[in-house]
């Protein structure tokens, strides 16, 4: 039963809904899941005690990549999260009409890798409202890698 942490930042509720779908599917597959809103966590030792860490963040901004407001402080202090050698996967919602579609997902994945995390699957970039089937397929990839 892999102990899993899901941390999400959501403004409209789409990324939170995706996080909930992920948590339910992983729990159904015998994962122990803690799900936290980014506004309620500190980066200090965040990943300690977890075998898998999933980050979810929506993206704003057309001219530049803007992370969801609640996720910014966590992103800025991510080096304190103890991600070295941790399996990590990233998901998020965005709008494909923007120049940097789900750019926050790319930024979090890149920073996690720079900090020594092992990104285990390709990130999940959701265009608009979350599609449960798409999310579950992504979760199944995680389960097969973990």
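The values are calculated or read from the model by the stated rules, or taken from the named source; none is laboratory data. If you're wondering where the values come from, they're calculated on a predicted model, not measured in any experiment. Positions of Cβ are generated from backbone atoms using ideal geometry, with glycine treated the same way; all protein chains shown enter the neighbour counts.
Examine segment 4-14 for a residue that is at pLDDT below 95 and assigned to a helix (DSSP H, G or I), and state whether such a residue exists. Within segment 4-14, one or more residues are at pLDDT below 95 and assigned to a helix (DSSP H, G or I). Within segment 1-26, work out how many residues are buried (at least 22 other Cβ atoms within 10 Å of the Cβ) and over 20 Å from residue 109 (Cα atoms). The qualifying residues number 1.
Restricting the search to segment 102-114, which residues are closer than 16 Å to residue 57 by Cβ and either surrounded by fewer than 17 Cβ atoms within 10 Å (Cβ to Cβ) or touching a helix residue (DSSP H, G or I) at 6+ places or on another chain (Cβ under 6 Å) (or both)?
110, 111, 113
Inclusion of residue 121 among residues that are more than 16 Å from residue 2 (Cα to Cα), assigned to a loop (DSSP other than H, G, I, E, B) and at pLDDT 95 or above is warranted.
Taking into account only those residues within segment 27-38 that are touching a residue at least 24 places away in the same chain (Cβ under 8 Å) and over 14 Å from the mean Cα position of the chain (by Cα), which is surrounded by the fewest Cβ atoms within 10 Å (Cβ to Cβ)? Once the filter is applied, the top-ranked residue is 30. Before we move on, is residue 112 at pLDDT 95 or above and under 12 Å from the mean Cα position of the chain (by Cα)? In short, yes. For segment 39-71, a residue qualifies if it is in a helix (DSSP H, G or I), surrounded by 13 or more Cβ atoms within 10 Å (Cβ to Cβ) and free of Cβ contacts under 8 Å to residues at least 60 places away in the same chain, and exactly one does: 39.
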